[in-house]
Amino acid sequence: MELEAEKTLIQAESSDGPNSNSSDLVARVRKLLFRQMLVGIRDGRFFLGTFHCMDKQGNIILQDAVEYHSTRRSSTSPMEQRCLGLILLPSSCRSSCHVGCYIEEQLSLLKL
């Protein structure tokens, strides 16, 4: 599901004009609404929240977001967290995007 979400977000960012199949992309993004989303940004921080919306530029808004960042550069250092609420994550800063889903949904994506 994470790869599917990343592809959907990338396609939605790059689609423009009436010739693109925007209604299909909108339907795919709507399936992501109100799901837990983990977004990583380039400076190493992660934001976990509920996917609320995305604009044409690919900026993501998360509800009830929590920021996680490492206190030190080592991978074994503890993560600090900070509750933020509603936040906007610019597409230019995003490095990864993962969406939580049930195991049944993951299995249905494997069936072609």
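The values are calculated or read from the model by the stated rules, or taken from the named source; none is laboratory data. Small disclaimer: the values here were computed from a predicted structure and weren't measured. Neighbour counts run over all protein chains shown; Cβ positions are idealised from the backbone, glycine included. For the accessible areas, the whole protein counts, side chains as well, though only heavy atoms, and no ligand, DNA or RNA atoms are used. Shrake-Rupley method; radii C 1.70, N 1.55, O 1.52, S 1.80 Å.
Some points to look at:
- Subtracting the Cα-Cα distance of Met79 and Asp64 from 0.36 nm times their residue separation leaves 3.6 nm of extension gain.
- Amide N of region 51-69 lying under 19 Å from the label point, which is placed 7 angstrom from the Cα of Gln36 along Cα→Cβ: 51-53, 61-69
- Whole-percent carbon and sulfur share, accessible surface of region 52-95, 1.4 Å: 51 percent
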